[in-house]
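Trainee: First the structure, then my questions, so here it is.
The values are calculated or read from the model by the stated rules, or taken from the named source; none is laboratory data. Please read all numbers here as calculations on a predicted model, not as lab measurements. Here the Cβ is made from the backbone with ideal geometry for all residues, glycine too, and neighbour counts use every protein chain on show. Only protein heavy atoms, including side chains, enter the accessible area calculation; ligands, DNA and RNA are left aside. Shrake-Rupley method; radii C 1.70, N 1.55, O 1.52, S 1.80 Å.
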Amino acid sequence: MRILLITREFPPYVKGGMSGIIVQMAKRSRELGIHLTIIANHPQLKTSLDLVNGIPVYRLPWLGSTFLTQLPSFGYYASRLVKKLQDNHDVVYSNFSPLFGMIKRPFIVGFHATRFGEARACKEIGKPVPALLNRLYIPFDRILIKKADGIIALTEKMAKEIRSVEDYEKEIEIIPGGVDTNIFRPLKYRDFSSPEKIVLYVGRLDSRKGVDILIHAIKLLDRNIKTRLIVAGEGKEREKLSQLADSLSIPVNFIGAVPHESLPEIYNSADLFVLPSLYEGHPLVALEAMACGTPTLVSDASPDIGIPRFKRGSVEELHQILLKTLFSEETLNRLSKTSLGISKNYSWDHIVDQTFSFIRKFV
């Protein structure tokens with residue numbers, strides 16, 4: 001099987017977890033006798049071609065710093081290249097990247113989010129400008145949905161969002177994200193007896209991630225539990241979040257983007273990982289933290305996979321669950337074991353095999 005694979009995030013040019021599945025598909029493809037050609041991104045105006053572990057990788061322009069410019073620019077250049085290359089492949093797979101023009105081969109789309117879902121989430125939390133911008137880009141999702149012979153969605157909720165955008169009657173397969181448990185694993189014996197609790201957030205710093213909600217909730221813990229918040233990641237909200245932490249006089253360490261190979265150590269150093277997102281697909285960072293045995297809490301924007309969730313956007317509800325969890329060593333130990341056990345159900349080998357099996361049905 002020969003797959004022409006299009007992704008607008010691929011190492012080293014990555015902003016979030018979107019590229020995770022593609023990296024794993026590339027690793028596993030040779031074992032399964034699958035030939036990949038990857039069309040990916042770089043922040044340059046030229047087109048280049050390299051071999052990455054024997055896989056041809058075309059690099060195309062990915063312009064600007066937000067989806068507002070990156071999405072249409074990459075989609076334009078990718079569409080032109082797909083037109084030239086698709087005849088030599090059995091199937092075209094788009095990793096949430098828009099393609100214009102005619103696709104002559106079976107076309108499968110993997111959705112990691114929907115603009116409809118993001119717009120609705122922004123509207124619900126009173127962020128009208130991001131809501132409007134996401135709504136303006138819903139037509140890009142509609143283009144993908146109309147062209148697709150089959151769709152992969154991370155969650156049932158996302159599948160419903162896709163059908164809300166377009167009356168799609170073809171097959172939607174639910175395949176969640178995964179985690180490499182050989183890399184993300186406990187590195188030490190877990191001890192939650194320290195009087196200062198370290199709370200960790202990893203991810204982009206933008207408005208949909210709800211980091212401001214977490215900072216406000218940490219402030220409410222001041223009189224009960226000594227807490228330090230570590231924020232790993234970059235984004236346009238960093239300065240605003242730093243100013244918020246200063247104004248509330250709470251200890252927050254903004255450590256910037258962390259190399260992927262260093263993340264296991266960061267996760268293992270924390271007493272609790274919190275993902276306060278206002279909109280999520282199937283968050284890889286939560287699975288990574290869980291696989292390290294780090295007790296993990298997520299907002300109800302994330303799917304229910306068996307760990308505690310709190311109402312998205314609610315400072316008070318997050319404060320209460322933080323208080324209940326951090327106050328008790330027994331609760332932290334129990335949540336650590338629960339998180340580790342659940343993560344074992346999301347090995348990348350299993351997720352990638354499901355993905356390739358779904359794609360193969362259309363060849």
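Trainee: Applying the selection to segment 279-306, what residues are open to solvent by 10 Å² or more (accessible area, probe 1.4 Å) and either of a type outside the set (Asp, Glu) or under 20 Å from Pro186 (Cβ atoms) (or both)?
Mentor: Step one: filter segment 279-306 for residues open to solvent by 10 Å² or more (accessible area, probe 1.4 Å), giving 280, 282-285, 288, 300, 303-306.
Answer for segment 279-306, where residues must be open to solvent by 10 Å² or more (accessible area, probe 1.4 Å) and either of a type outside the set (Asp, Glu) or under 20 Å from Pro186 (Cβ atoms) (or both): His282, Pro283, Leu284, Val285, Glu288, Pro303, Ile305, Gly306.
Trainee: Right, something else. Assuming Pro106 fulfils every condition listed in (1) under 16 Å from Thr7 (Cα atoms); (2) modelled with pLDDT of 95 or more apart from one, which condition is it?
Mentor: (1)
Trainee: Sticking with this one: Among the listed residues Asp149, Asp167, identify the single one that is of a type in the set (D, E, K, R), out of contact with any Gly (no Cβ under 8 Å at 6 or more places or on another chain) and at pLDDT 90 or above.
Mentor: Numbers: Asp167 fails: at pLDDT 90 or above.
After applying the criteria, what remains is Asp149.
Trainee: For segment 317-363, which residues satisfy the criterion of being in contact (Cβ under 8 Å) with a residue 60 or more places away in the chain and acidic (Asp, Glu)?
Mentor: Selection gives Glu329, Asp349, Asp353.
Trainee: Could you check, for segment 243-263, whether at least one of its residues is hydroxyl-bearing (Ser, Thr, Tyr), open to solvent by less than 40 Å² (accessible area, probe 1.4 Å) and either farther than 23 Å from Lys337 by Cβ or touching a His at 6+ places or on another chain (Cβ under 7 Å) (or both)? First the steps, then the outcome.
Mentor: Of segment 243-263, the ones hydroxyl-bearing (Ser, Thr, Tyr) are 247, 249, 262.
Cutting the leftovers down to open to solvent by less than 40 Å² (accessible area, probe 1.4 Å) gives us none.
Scanning segment 243-263, I find no residue that is hydroxyl-bearing (Ser, Thr, Tyr), open to solvent by less than 40 Å² (accessible area, probe 1.4 Å) and either farther than 23 Å from Lys337 by Cβ or touching a His at 6+ places or on another chain (Cβ under 7 Å) (or both), so the answer is no.
Trainee: Hey, can you tell me all the residues within segment 10-26 that are of a type in the set (D, E, K, R) and without any contact (Cβ under 8 Å) to a residue 60 or more places away in the chain?
Mentor: Kept after step one, since they are of a type in the set (D, E, K, R), are these residues of segment 10-26: 15.
Within segment 10-26, no residue meets the criteria.
Trainee: Would you mind finding the one in Arg135, Arg204, Arg185, Arg142 that is on the phi < 0 side of the Ramachandran plot and open to solvent by less than 70 Å² (accessible area, probe 1.4 Å)?
Mentor: Numbers: Arg135 fails: open to solvent by less than 70 Å² (accessible area, probe 1.4 Å); Arg185 fails: open to solvent by less than 70 Å² (accessible area, probe 1.4 Å); Arg142 fails: open to solvent by less than 70 Å² (accessible area, probe 1.4 Å).
Within the list Arg135, Arg204, Arg185, Arg142, the selection yields Arg204.
Trainee: If a residue has to be part of a helix (DSSP H, G or I) and touching a strand residue (DSSP E or B) at 6+ places or on another chain (Cβ under 7 Å) to count, how many in segment 212-227 make the cut? Reasoning before the result, please.
Mentor: So in segment 212-227, the residues part of a helix (DSSP H, G or I) come out as 212-221.
When the remaining residues are screened for being touching a strand residue (DSSP E or B) at 6+ places or on another chain (Cβ under 7 Å), the result is 214-215, 218, 221.
Within segment 212-227, residues that are part of a helix (DSSP H, G or I) and touching a strand residue (DSSP E or B) at 6+ places or on another chain (Cβ under 7 Å) number 4.
Trainee: Sticking with this one: Looking at segment 151-201, which of the residues that are out of contact with any Ser or Thr (no Cβ under 9 Å at 6 or more places or on another chain), in a loop (DSSP other than H, G, I, E, B) and among the aromatic types (Phe, Trp, Tyr) is farthest from Ser269 (Cα to Cα)?
Mentor: Tyr168
Trainee: In segment 124-150, what residues are within 21 Å of Phe356 (Cβ to Cβ) and assigned to a helix (DSSP H, G or I)?
Mentor: As a first pass, look at segment 124-150 and keep what is within 21 Å of Phe356 (Cβ to Cβ): 144, 147-150.
Leu144, Lys147 - these are the residues of segment 124-150 that are within 21 Å of Phe356 (Cβ to Cβ) and assigned to a helix (DSSP H, G or I).
Trainee: Turning to a different aspect of this structure: Restricting to segment 202-211, name every residue that is in contact with a helix residue (DSSP H, G or I) (Cβ under 7 Å, 6 or more places away or on another chain) and either part of a helix (DSSP H, G or I) or of a type in the set (Val, Ile, Thr) (or both).
Mentor: Val202, Ser207, Arg208, Val211
Trainee: While we're on this one: Which residue is farthest from Asn134 (Cα to Cα), if the candidates are limited to segment 82-118 and must be buried (at least 23 other Cβ atoms within 10 Å of the Cβ) and touching a Lys or Arg at 6+ places or on another chain (Cβ under 6 Å)?
Mentor: Val92
Trainee: Residues in segment 240-253: is at least one out of contact with any Leu (no Cβ under 9 Å at 6 or more places or on another chain) and within 22 Å of Pro11 (Cβ to Cβ)?
Mentor: Here is the first cut: in segment 240-253, the ones out of contact with any Leu (no Cβ under 9 Å at 6 or more places or on another chain) are 242-244, 246-249.
Subset that is within 22 Å of Pro11 (Cβ to Cβ): none.
No, because not a single residue in segment 240-253 is out of contact with any Leu (no Cβ under 9 Å at 6 or more places or on another chain) and within 22 Å of Pro11 (Cβ to Cβ).
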